[in-house]
Structures are given as C-alpha cells and as structure tokens.
Amino acid sequence: MGVFWTILNPLFMMVVLSVVFSNLFKFDIEYFPVYLLSGQLIFNFYNEATTSAMGAIIDNGPLIKKIYVPKYVFVLSRVFSSSINLLASFTALIFVMLAMRVELHYTVLLVPIPLFFIVFFSLGVGILLAAVTVKFRDIMHLYSVFVTALMYLTPVIYPMSILPEWLEKIVLLNPITNILIMFRDVMMNNAVPSITSVLLAAAEVLLVMAAGLYVFYKRQDTFILDI
Amino acid sequence: MENMDIISVDHVSMRFRLASEKVDSLKEYFIKTLKSQISTNEFWALKDVSFQIQKGDALGLIGLNGSGKSTMLKIIAGVLKPTKGSVAVRGEVAPLIELGAGFDYDLTASENIFLNGALMGRSHEEMESHYEGIVEFSELKDFIDVPVKNFSSGMIARLAFAIATIGTPDILICDEVLSVGDFRFQEKCHKRIGEMLERGTTLLFVSHSIEQVEGLCNKAVWLEHGNVKMFGECKEIAEIYRTAY
C-alpha cells in the first residue's frame, strides 16, 4: 500500500499536467503523457534530491555538534532516499506506458545509464550545496528560484522542436537536458544513446562530483562552527 | 613510552568567531564586504594546551565555566577540529558529551538503542546482544516501546548512559553527565564507571564537583581561561583547587 501511494503522486501529477497541456498548448508529440511523465521523473528527482541534500548538514546540526559522524553520510542518505522515489516514479512510468500501449523496446534495458547519471549528477550538486549552505543560509531561497528557471530550460513539458535556434543552444547546455534526452531515447524512441552524449554526461557528472567533494572536504571541519 | 599514550594532546588551540561577527548569508556577506565591516573578532577557547593520558588513566578536567573544558572534550571526541595543534587518539571512543545526543525523539526507546548503536559504529547484531543489558541497567522495561519524546529527562539520561557504556570502550568521555538522575542512579553510574576502569578503560571526566573528580580520577588537568594551569596527580591538584576557590 505504501508503495502504491508513492507512485500515486507522480501519476496524478501527470494526469493533471497532461490534461492541461494537451488542451492548452497543442504540442505535436506522440504519447504526450509519457513524454511529460518521463521529463517530470528526471527533473523532479533532481529537484527533490538536491533541495533535500542542501539542508542535510544544517538539519542534522544538533547531531553533528555532539557526536563525531562522517558528515557526507547525511547528504548521501538524502540523495539515496530520493532515489527510492525515483524508482517508484519509474514504476509509475512503466504502468502508464503499458496502459497507453506504448511499445516497449529492448533499449529500455539501457535505462540504468541515464538513471545512474542523474543520480550522481544530483549527488554532486547536492554535496556542493550542502557545504556552501552551511555558511550562506540564503542560498536555500536563491536555489529554489534557480531550480524554477532550470526547469524551463529543460524540455520537461515542451518538445525541443518548438524552440528557436538560439534558445535551443542554451537548453542543450543544461546537463539535465542531455540526460533527459538519453532517458527518453531508450524509453520511448527505441534509440541507443550516442557515444558523444554518454561521454558528455560522464564528464559533467565527474566534474560536478569533483567540485562538490572538493568544496565539501575543504569546508567540513568548519561546519560545526557555522551550524 | 610514546606508544603508551592513548590520548596525546599536542599544543592544541581552538579559535571561535564571536556570534555577533558571524556572517551567515550571502546578503550579509555582500553588504558587509561593501561596507568593509568584516572584522575578525576572535575568541580563543583553548590556548596551546598539551597533555598526555596513558592507558587505564582516569583524567579529570576541572575549571570554572568557560575555561574550555567542554571544548577540549569535543576536540578529543573528534567533534571539533582544533585550529592549531593536533590530538592523537588511539582507540575507540565512547562519547557521553551530552546525554540524548543522537536520539530521534519520535522513535521509541528500543529503536533509539539501535539508532544510537549505529551512530557509534556498532552493528545491529552487536546491539542485539547488549539489548537486554541496556534495558535492565536503564530500568526502562515498561517504557521500552514509548517514544522518547514522552520521557522525562532522567529517563533519557538513564537510557543514554546505558547505551554509551555497553561493552568496554577504550576511552570513555563524560561531560557533567552524572549531575542528572537521582542519587541512586548516580551511584549506579559511578559503580559502572569504576568497573570499566578496572577493565582498563581510559576515562576522561569533566565536572564542577571536585569531589566527584577526586572519587573517580587519578590525574587531573586544571584549565583556566583556555590555558593549562596545572596537570598532574589528582590529589595534589584537588587540594590547591579547593583552596583557590
């Protein structure tokens, strides 16, 4: 029953959005609900994981002040608990695809690749945010604005084809776009992700992780003084 | 000789920035940078503190409020990193710095036993084997499935003490813990600490009560305003301490 609830939320969300958008804007996309749900799945995970990771150190301040605990554990636990929700949403997506009789291709078996990328990308961003938010609390508010902007720069609800050329370039610069396109390719389009996009995603994930870990390890001894 | 020191504190200094000077948002940071108000008003809680503890010693930290006792304990427990100097600890530390640290107040007592165990790096199986002992020592058999938020402070203290003192840790750190709980429970704690000392645990003990320190410890460090005023045999220091205050 509990599992059912967790997939219910993304399902309802998808129903609402697909009703709104298939009536309001007429995007020429086959299986629009699936397109939308897959975009939501990736982006909502990123949002949830990074936002909750951001508060991981501050929220566990009382504990950090009293006992020695490796501090990255708190960030890790937040991101991985969001990953459980990601798997629940993924199950919901599969159900919707079955209900809408979307053809499932063998490329679906490649889905761990984009999921792996988005989890570790979010982890890297989350570690970085968790470390800097301890010192600068108002990043929390700024970040929620940033995420909203980022959502519109990710093709979650709209197809890439409606974008003018200059905007398309910007949207493609967003690392989440690349991962999302990869995800949709294997789920819906029966396409194997190209080597370039895999390498690009891997490089971006490595870069973000390295930056996050560097800042975190550099700052972690001063956390306790700022909490 | 060097290897005999289970804890060696080497020229440790600890600096805190005073709360009024703290910048904790980007907004303040920018405004203060523009107005060039970022000042460095510092407070040294510890200044060049050094001492060594041998295995099996019981060391009492004494001093007035604000003399740096708790900061010293936190540095030894690894919670704080010293600004200067280093601390080498050889062995497993059971910290009792604040009773009830690491409790999730929404969980029940029995769940908290395992949660706290995990925080100290003990496996579920290990805690399972100590479970009965903890319940018995804390005398909370009837309340074991009650969320900890409904506990009285004495009950929390009992539970926390029971969890922290399971097994025989190499080093036990106690910060004014024994001032909570009733007389009978204090006795019980003293007895337990005594037993642990006999089994070779090293004790670090902080208290205002010089009697408690004298009763438990063989060595003492007297801190005053972050400096070591005296370090040596507990009896001698206790006498001077008493006459000083």
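The values are calculated or read from the model by the stated rules, or taken from the named source; none is laboratory data. Since we're looking at a predicted model, the values are computed, not measured. Because the Cβ atoms are built from the backbone with ideal geometry, glycine has one as well, and the counts that use them run over all protein chains shown. Protein only, heavy atoms only, side chains kept; ligands, DNA and RNA dropped before computing areas. Shrake-Rupley method; radii C 1.70, N 1.55, O 1.52, S 1.80 Å.
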- Query: Can you tell me which residues in the stretch A:94-143 are within 14 Å of chain B (Cβ to nearest Cβ), out of contact with any Asp or Glu (no Cβ under 6 Å at 6 or more places or on another chain) and open to solvent by 60 Å² or more (accessible area, probe 1.4 Å)?
  - Reply: A:M140, A:H141, A:L142
- Message: Out of A:S18, A:S38, A:S22, I need the residue that is surrounded by fewer than 18 Cβ atoms within 10 Å (Cβ to Cβ) and among the polar types (S, T, N, Q). Which one?
- Response: A:S22
- Item | Single residue of the stretch A:138-175 satisfying the filter (aliphatic (A, V, I, L, M) and assigned to a loop (DSSP other than H, G, I, E, B)) that is modelled with the highest pLDDT | A:L153
- The residue that is farthest from the other protein chains (Cβ to nearest Cβ), considering only those in the stretch A:83-93 that are buried (at least 18 other Cβ atoms within 10 Å of the Cβ) and in contact (Cβ under 8 Å) with a residue 60 or more places away in the chain, is A:L93
- Might you check whether a residue that is in contact with a Pro (Cβ under 6 Å, 6 or more places away or on another chain) and more than 14 Å from chain B (Cβ to nearest Cβ) occurs anywhere in the stretch A:144-157? no
- Task: Considering each residue of the stretch A:181-223, count those that are open to solvent by less than 20 Å² (accessible area, probe 1.4 Å) and either more than 17 Å from A:G124 (Cβ to Cβ) or among the hydroxyl-bearing types (S, T, Y) (or both), and give that number.
- Result: 7
- Item | Filtered residue count, the stretch A:23-82, keeping only those that are away from chain B (no Cβ under 14 Å) and basic (K, R) | 2
- Message: Quick test for you: out of A:F21, A:F43, pick the one residue that is in a helix (DSSP H, G or I) and within 20 Å of A:L115 (Cα to Cα).
- Response: A:F43
- Message: One residue is enough: does the stretch A:208-217 have a residue meeting the conditions closer than 30 Å to B:K32 by Cα and within 14 Å of another protein chain (Cβ to nearest Cβ)?
- Response: yes
- Within the stretch A:122-159, the count of residues that are within 26 Å of A:M182 (Cα to Cα) and either of a type in the set (G, A, S) or touching a residue at least 12 places away in the same chain (Cβ under 8 Å) (or both) comes to 21
- Message: Restricting to the stretch B:41-72, name every residue that is within 12 Å of chain A (Cβ to nearest Cβ) and under 23 Å from B:R242 (Cβ atoms).
- Response: B:S70
- Query: Inside the stretch A:60-70, can you point out the residues that are open to solvent by less than 20 Å² (accessible area, probe 1.4 Å) and touching a residue at least 12 places away in the same chain (Cβ under 8 Å)?
  - Reply: A:G61, A:I64
- Which residues, taken from the stretch B:95-111, are open to solvent by less than 30 Å² (accessible area, probe 1.4 Å) and more than 13 Å from chain A (Cβ to nearest Cβ)? B:T108, B:A109, B:S110
- Message: Among the residues that make up the stretch A:160-173, is at least one of them closer than 24 Å to A:L87 by Cα, without any contact (Cβ under 8 Å) to a residue 60 or more places away in the chain, open to solvent by 60 Å² or more (accessible area, probe 1.4 Å) and within 18 Å of the chain's Cα centre (by Cα)?
- Response: no
- Message: So, in the stretch B:183-206, exactly how many residues are loosely packed, with under 12 Cβ neighbours inside 10 Å and touching a residue at least 24 places away in the same chain (Cβ under 8 Å)?
- Response: 2
